[in-house]
Amino acid sequence: MANAVLVRKLEGVSPTRQRWMGVVEIGMAVLILIFFTLKVQPGSTSTFNMTPGGITRGVAGDWVVPALGTLIFLTVVAFLLGVYQFVRGFGKWTNGVLGIIVAFFVFGFLVWASAGKSLNLSGMLSAAVLLGVPIILGAFSGVISERAGVVNIAIEGLMLMAAMVGALVGSVTQSIWWGLLGAIVSSVLLALVHGVLSIKYKINQIISGTVINIFSTGMTSYLSSKFMQTYQNLNNPPIFPRIPIPLLADIPIIGPLFFNTNIFVYLTFILLIVIQVALFSTRWGLRLRSVGEHPKAADTLGINVIRTRYVAVILSGVVAGIGGAFFTLGSVGRFDEMMTAGKGFIGLAAMIFGNWTPIGAFLAGLMFGFADSVATKLSILGTGIPTQFMAMAPYLTTMIVLAGLVGRGQVPAADGEPYTKE
Amino acid sequence: MAPVLQLSGITKRFPGVLANDHIDLTLNEGEILALLGENGAGKSTLMNILYGLYQPDEGEIQVRGKKVTIHSPTDAINAGIGMVHQHFMLIPVFTVTENVMLGSESVRGGDFLDRKKAADRIREISESYKLEVNPDSYVKDLPVGVQQRVEIIKLLYREANILIFDEPTAVLTPQEADELFEIMRTLVKQGKSIIFITHKLREVLEISDRVMVIRRGAMVGSTTPEKADKQKLAEMMVGRSVHLEVEKAISTPGDVVLQVQNLVVADPKNQIAVDEVTFEVRAGEILGVAGVQGNGQTELVEAVTGLRAAVSGKIHLMGQEITNLSPRQVTELGCAHVPEDRQRDGLVLSFPVADNSVLCTYYQTPYAKGLNMQAHVILENAHRLIKDFDIRTPNAQTNVGSLSGGNQQKVIIAREFSRPIKFLVASQPTRGLDVGSIEYIHRRIVEKRDEGCAVLLVSPELDEIIELSDRIAVMYRGKVVAVVSADEANKAYLGLLMAGVSPEQAESAKTKGPRVVETTF
Ligand SMILES: Nc1ncnc2c1ncn2[C@@H]1O[C@H](COP(=O)(O)OP(=O)(O)OP(=O)(O)O)[C@@H](O)[C@H]1O
Ligand SMILES: [Mg+2]
């Protein structure tokens with residue numbers, strides 16, 4: 001019949017890629033060996049504190065591991081996995097195994113860095129969650145807009161503007177809620193500009209996004225240096241307090257991380273569920289995705305492509321606005337120039353890595369947050385590695401992940417293509 | 001009783017073209033009306049007007065005696081009109097259910113999709129109209145024939161009773177086309193009315209109740225299959241007499257031009273699509289590749305033209321190894337390629353005809369001097385090709401995307417045939433073309449052969465293969481199972497080989513007497 005059943009199938013991963021992965025993995029095992037395993041004193045232990053500082057609910061005891069034994073274990077397992085990958089290959093598990101070995105590397109590093117000392121692992125994780133929040137929100141913002149076919153690299157600019165407006169409005173009204181609302185409104189307005197430029201006037205979406213990023217940088221820098229740094233009462237918003245959730249906050253380890261923190265973390269969880277369900281289980285989401293995949297087909301079925309795209313861009317702005325507000329109203333309580341520091345772009349990387357799904361973007365965002373937090377924590381701990389290199393860690397992770405792990409992602413087919421009705 | 005559908009005086013102008021010129025059309029209940037016309041005659045335009053994708057400049061549409069205004073597909077759907085487009089409107093990464101329900105979703109609890117309810121509806125429809133399909137499969141995993149069934153189910157799901165099929169058989173294998181006709185017969189039996197567009201005269205004669213012919217935007221006549229034959233239909237369409245048969249002398253093969261040895265090629269899913277294939281094509285001969293679509297022909301062609309890497313094996317062009325060279329290198333060695341999917345691989349739809357006609361040579365003199373494109377030379381070249389190859393376009397600056405399907409194909413043919421070439425790969429070169437154009441392209445291919453060019457012709461149309469080829473290679477599951485000389489070939493014999501019957505068992509079906517050739521139309 002029409003589709004002949006074909007007889008043979010090549011391995012899921014090309015032989016070159018399989019070999020390369022093997023080499024990389026064996027290399028990482030060797031790095032663990034040279035830099036960590038051979039450098040620790042026999043008999044020393046690494047102590048990990050499992051409760052973040054200043055937290056009294058959900059307390060857990062310290063976790064003590066023998067440094068050398070653990071590192072030898074990590075080296076050997078990583079090496080064996082690498083050899084197997086080189087010789088036989090893990091087929092469709094290739095990426096997963098690479099992930100495990102990267103995790104081994106990171107853990108080995110932590111064990112080595114804290115050998116004979118103690119490291120607050122829980123504190124580091126909780127910092128990772130907080131550092132991850134803006135990345136994740138940025139990624140969610142991207143997911144909504146790109147699923148409808150509008151590339152949104154303006155997210156960095158939206159978040160920056162929202163951060164500033166949030167601080168300004170929050171300071172003037174001395175209300176966190178007005179501040180949050182202000183942040184969202186400013187972000188939505190900018191998103192609308194992107195929408196009009198790219199949907200209505202069909203300007204290249206990358207250019208339109210870049211224009212907005214430049215505008216945001218300039219505008220916020222100017223306003224900040226002209227007013228907010230001189231009149232300190234314009235840059236002194238209240239911040240969202242820590243709200244423990246009854247019962248859940250008392251669970252050891254998880255409680256302090258996720259259930260005894262600020263409202264932005266909770267919002268991120270809620271958005272994760274809402275966006276995931278809305279995109280994949282509702283009529284609204286089906287139509288939105290159809291517009292991002294094949295706008296002409298959607299059009300022939302009576303779906304309003306243009307309107308759907310505007311709605312997506314606006315919602316993308318709402319989410320980016322919340323992400324931006326986090327910088328000023330959710331953590332430090334003041335606005336500084338360029339304070340988003342590329343988080344919006346890393347958010348886009350998280351979106352791609354997460355395959356344009358909310359759950360994927362969430363996990364990727366957490367991972368990037370973790371890389372960030374390792375960098376900050378360990379530059380304090382003093383490992384002898386220059387802080388500049390440590391600060392590169394999150395970006396290096398981003399690059400490695402994008403170059404190595406991401407296979408053929410499921411880019412919405414019409415992502416970035418303006419739609420013209422005939 | 002009023003007819004189901006009545007169009008009167010429909011007129012549509014595009015810049016430089018009168019696409020529809022006061023067209024009147026009547027469709028009766030339970031009837032299959034075939035719409036026939038040359039490429040660019042205005043058939044798709046008329047149907048797009050009916051479906052609300054274009055607005056007519058003049059004219060009136062009546063459905064069951066009531067005047068309707070159709071401003072958008074939604075209006076058309078509400079009037080009970082549904083259309084299977086010339087290029088499918090399906091979302092590959094959605095399931096069948098999602099594709100079908102999109103735009104008229106079943107929901108519960110506010111806005112939540114009720115996939116199960118929709119899937120049940122689909123199963124019901126597919127049962128009562130014999131449209132076999134699994135609602136849970138992803139469209140991208142389905143063969144074209146099944147995708148088309150999904151398109152039909154989409155219409156029935158919306159309870160359309162005026163069904164428009166715009167060239168539904170152009171993308172189908174002959175077997176799939178037969179299945180489609182079965183489905184169409186079931187549909188009319190259940191009270192649906194169908195407008196059917198095709199270029200294949202034998203299909204018109206087989207399935208339609210009535211035929212209407214459009215030429216250059218105007219309705220030029222109407223007949224019934226009983227009163228007409230292929231020759232007469234062809235003449236009505238083109239307005240002159242058409243030679244339905246190609247005249248061609250016995251070939252005189254020269255040196256080996258293309259040599260393929262133990263070639264293995266994988267498809268995008270990494271499955272072996274071409275499996276240890278060995279053959280050669282000589283100068284001055286046409287080697288036809290027959291086979292049901294999806295048996296490795298696409299990948300074979302892509303490997304030969306440098307578009308897809310070979311896993312192993314060797315390809316030589318005139319003694320020089322070309323395995324895994326880039327398409328440009330292969331092209332510069334004198335290879336011409338008429339690709340299977342003209343819109344994806346053959347043209348840049350948003351570029352004008354002129355630029356498309358130099359896509360392989362734009363960087364060479366005389367079209368470029370250093371980094372400078374010579375716009376006037378490119379334009380002159382285009383004017384010449386438009387004249388020589390009879391491309392129907394308002395002018396050379398028109399975007400190729402707005403030409404009719406057949407004229408898009410002519411742009412490719414013109415580009416590839418006007419270069420000095422030694423080897424021609426033609427994949428389904430007449431897909432979607434009208435009889436006049438098919439006649440023309442067939443003549444050109446034979447002409448190239450007679451000039452000493454080696455030709456590799458791939459087509460699922462057995463008639464076309466038998467008519468043109470000097471030798472025929474049959475592909476089945478990635479292997480060349482037999483190479484047959486043209487005088488031994490006939491439809492029955494090739495059909496058996498294509499279905500996987502071994503050459504020994506199929507032996508008895510070989511032609512022994514004089515050769516019988518049916519025309520492609
Ligand atoms: N969007 C458009 N803009 C400008 N001209 C167009 C457009 N669509 C079609 N045309 C022109 O209108 C004429 C009729 O085209 P149409 O697509 O209706 O032909 P057709 O009969 O369907 O041909 P085919 O059999 O090749 O599909 C052609 O000359 C074509 O170039
Ligand atoms: Mg057409």
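The values are calculated or read from the model by the stated rules, or taken from the named source; none is laboratory data. Only a predicted model underlies this, so the values are computations on that prediction, with no experimental measurement involved. Backbone-built Cβ (ideal geometry, glycine too); neighbour counts: all protein chains shown.
In a residue-by-residue description of segment B:300-320, the property of being over 19 Å from B:Cys360 (Cβ atoms), within 14 Å of chain A (Cβ to nearest Cβ) and in contact (Cβ under 8 Å) with a residue 60 or more places away in the chain applies to at least one position. Just to be sure before I move on: is B:Arg415 free of Cβ contacts under 8 Å to residues at least 60 places away in the same chain and either under 27 Å from B:Ile315 (Cα atoms) or outside the structural domain of B:Ala19 (by TED's automatic domain parsing) (or both) in the structure I sent? Judged against the criteria, B:Arg415 is a match.
For segment A:221-228, check the following and say yes or no: at least one residue is in the same structural domain as A:Glu337 (by TED's automatic domain parsing), in a loop (DSSP other than H, G, I, E, B) and without any contact (Cβ under 8 Å) to a residue 24 or more places away in the chain. Before you say what the answer is, go through the steps one by one.
First pass over segment A:221-228, keeping only residues in the same structural domain as A:Glu337 (by TED's automatic domain parsing): A:221-228.
After this cut, where a residue has to be in a loop (DSSP other than H, G, I, E, B) as well, the list is none.
No, there is no match, as no residue in segment A:221-228 is in the same structural domain as A:Glu337 (by TED's automatic domain parsing), in a loop (DSSP other than H, G, I, E, B) and without any contact (Cβ under 8 Å) to a residue 24 or more places away in the chain.
Filtered by the rule that a residue be exposed (fewer than 14 other Cβ atoms within 10 Å of the Cβ) and in contact (Cβ under 8 Å) with a residue 24 or more places away in the chain, segment B:350-383 gives a lone residue, B:Ser350. Exactly one residue out of A:Thr51, A:Thr56 is of a type in the set (Val, Ile, Thr), free of Cβ contacts under 8 Å to residues at least 40 places away in the same chain and over 25 Å from A:Ser14 (Cα atoms): that is A:Thr56.
From A:Gly22, A:Gly43, grab the single residue that is away from chain B (no Cβ under 14 Å) and either loosely packed, with under 15 Cβ neighbours inside 10 Å or at pLDDT below 85 (or both). Step through it out loud before you land on a result.
On the way: A:Gly22 fails: either loosely packed, with under 15 Cβ neighbours inside 10 Å or at pLDDT below 85 (or both).
The conditions single out A:Gly43.
Among the residues of segment B:214-230, is there at least one that is in contact with a Lys or Arg (Cβ under 9 Å, 6 or more places away or on another chain) and either within 14 Å of chain A (Cβ to nearest Cβ) or aliphatic (A, V, I, L, M) (or both)? Looking through segment B:214-230, at least one residue is in contact with a Lys or Arg (Cβ under 9 Å, 6 or more places away or on another chain) and either within 14 Å of chain A (Cβ to nearest Cβ) or aliphatic (A, V, I, L, M) (or both).
Quick check: anything in segment B:438-460 within 13 Å of ligand 1 (Cβ to nearest atom) and in the same structural domain as B:Val483 (by TED's automatic domain parsing)?
Filtering segment B:438-460 for residues within 13 Å of ligand 1 (Cβ to nearest atom) gives B:438.
With in the same structural domain as B:Val483 (by TED's automatic domain parsing) added as a condition, the list becomes B:438.
Looking for residues that are within 13 Å of ligand 1 (Cβ to nearest atom) and in the same structural domain as B:Val483 (by TED's automatic domain parsing), one finds at least one in segment B:438-460, hence yes.
Would you say B:Ile391 is assigned by TED's automatic domain parsing to the domain that holds B:Asn356, assigned to a helix (DSSP H, G or I) and surrounded by 21 or more Cβ atoms within 10 Å (Cβ to Cβ)? No, not satisfied.
Return yes or no: is B:Lys410 within 16 Å of ligand 2 (Cβ to nearest atom) and either over 23 Å from the mean Cα position of the chain (by Cα) or outside the structural domain of B:Asp470 (by TED's automatic domain parsing) (or both)?
Details: within 16 Å of ligand 2 (Cβ to nearest atom): yes; either over 23 Å from the mean Cα position of the chain (by Cα) or outside the structural domain of B:Asp470 (by TED's automatic domain parsing) (or both): yes.
So B:Lys410 passes the test.
The set of residues from segment B:22-61 being more than 14 Å from ligand 1 (Cβ to nearest atom) and among the charged types (D, E, K, R) comprises B:Asp24, B:Glu29, B:Glu31, B:Glu58, B:Glu60. Of all residues in segment A:295-352, those that are within 16 Å of A:Gly142 (Cβ to Cβ), at pLDDT 95 or above and among the hydroxyl-bearing types (Ser, Thr, Tyr) total 1. In the set A:Gly255, A:Gly302, A:Gly195, A:Gly209, only one residue is assigned to a helix (DSSP H, G or I) and more than 24 Å from A:Gly323 (Cβ to Cβ); that residue is A:Gly255.
A quick yes/no check of all residues on (1) of a type in the set (Phe, Trp, Tyr); (2) within 16 Å of ligand 2 (Cβ to nearest atom); (3) under 21 Å from B:Gly436 (Cβ atoms):
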position: B:Lys12; (1), (2), (3): no, yes, no
position: B:Pro15; (1), (2), (3): no, no, no
position: B:Asp21; (1), (2), (3): no, no, yes
position: B:Leu36; (1), (2), (3): no, yes, yes
position: B:Gly42; (1), (2), (3): no, yes, yes
position: B:Leu46; (1), (2), (3): no, yes, yes
position: B:Pro56; (1), (2), (3): no, no, no
position: B:Gly59; (1), (2), (3): no, no, no
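Each row is one residue, and each column tells you yes or no for (1) crowded, with 19+ Cβ neighbours inside 10 Å; (2) at the interface with chain B (Cβ under 10 Å from one of its Cβ atoms); (3) within 25 Å of the chain's Cα centre (by Cα); (4) among the charged types (D, E, K, R).
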site	(1), (2), (3), (4)
A:Val274	no, no, yes, no
A:Leu279	yes, no, yes, no
A:Thr282	no, yes, no, no
A:Arg287	yes, yes, no, yes
A:Ser290	yes, yes, no, no
A:Glu293	yes, yes, yes, yes
A:Ala297	yes, yes, no, no
A:Thr300	yes, yes, no, no
A:Asn304	no, yes, no, no
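Within segment B:40-51, one or more residues are farther than 20 Å from B:Gln408 by Cα, touching a helix residue (DSSP H, G or I) at 6+ places or on another chain (Cβ under 7 Å), within 11 Å of another protein chain (Cβ to nearest Cβ) and touching a residue at least 24 places away in the same chain (Cβ under 8 Å).
Taken together, B:Arg308, B:Arg328, B:Arg392 contain a single residue that is of a type in the set (Lys, Arg), under 28 Å from the mean Cα position of the chain (by Cα) and within 16 Å of ligand 1 (Cβ to nearest atom), which is B:Arg392. Within segment B:300-311, does at least one residue satisfy the condition of being over 19 Å from B:Arg444 (Cα atoms), buried (at least 23 other Cβ atoms within 10 Å of the Cβ), among the acidic types (Asp, Glu) and in the same structural domain as B:Ala473 (by TED's automatic domain parsing)? Yes, that holds for at least one residue.
Among the residues of segment A:399-414, is there at least one that is surrounded by 21 or more Cβ atoms within 10 Å (Cβ to Cβ), modelled with pLDDT of 85 or more and part of a loop (DSSP other than H, G, I, E, B)?
Initial filter on segment A:399-414 (surrounded by 21 or more Cβ atoms within 10 Å (Cβ to Cβ)): A:401, A:412, A:414.
Now narrow it down to the ones that are modelled with pLDDT of 85 or more: A:412, A:414.
Adding the requirement that they be part of a loop (DSSP other than H, G, I, E, B) leaves A:412, A:414.
Yes: one or more hits.
Is at least one residue of segment B:178-186 on the phi < 0 side of the Ramachandran plot and assigned to a loop (DSSP other than H, G, I, E, B)? Checking segment B:178-186: not a single residue is on the phi < 0 side of the Ramachandran plot and assigned to a loop (DSSP other than H, G, I, E, B). How many residues are of a type in the set (Gly, Ala, Ser), assigned to a loop (DSSP other than H, G, I, E, B) and surrounded by 22 or more Cβ atoms within 10 Å (Cβ to Cβ) when one looks only at segment B:80-104? Of the residues in that region, 1 qualify. Taking the conditions (1) surrounded by fewer than 18 Cβ atoms within 10 Å (Cβ to Cβ); (2) aromatic (Phe, Trp, Tyr); (3) outside the structural domain of A:Leu31 (by TED's automatic domain parsing) in turn, A:Phe73 satisfies each one other than (3).
Figure legend. Inter-residue proximity from segment B:167-181: first residues within 16 Å of ligand 1 (Cβ to nearest atom), second residues assigned to a loop (DSSP other than H, G, I, E, B) and at pLDDT 85 or above, beta-carbon distance below 7 Å, spacing 6+ or different chains. Indicated pairs: B:Glu167/B:Thr198; B:Thr169/B:Thr198; B:Thr169/B:Lys200.
Just the residues that are more than 16 Å from ligand 1 (Cβ to nearest atom) and either hydrophobic (A, V, I, L, M, F, W, C) or part of a loop (DSSP other than H, G, I, E, B) (or both), please, taken from segment B:368-384.
Start the filter on segment B:368-384 by keeping residues that are more than 16 Å from ligand 1 (Cβ to nearest atom), which leaves B:368-381, B:383-384.
Once the filter is applied, which keeps residues that are more than 16 Å from ligand 1 (Cβ to nearest atom) and either hydrophobic (A, V, I, L, M, F, W, C) or part of a loop (DSSP other than H, G, I, E, B) (or both), segment B:368-384 yields B:Ala368, B:Gly370, B:Leu371, B:Met373, B:Gln374, B:Ala375, B:Val377, B:Ile378, B:Leu379.
Candidates A:Ala162, A:Ala127: the one that is modelled with pLDDT under 95 and either more than 30 Å from A:Ser14 (Cβ to Cβ) or crowded, with 22+ Cβ neighbours inside 10 Å (or both) is A:Ala127. Each residue in segment B:278-291 was checked for being under 14 Å from B:Val481 (Cα atoms) and buried (at least 23 other Cβ atoms within 10 Å of the Cβ), and 4 pass.
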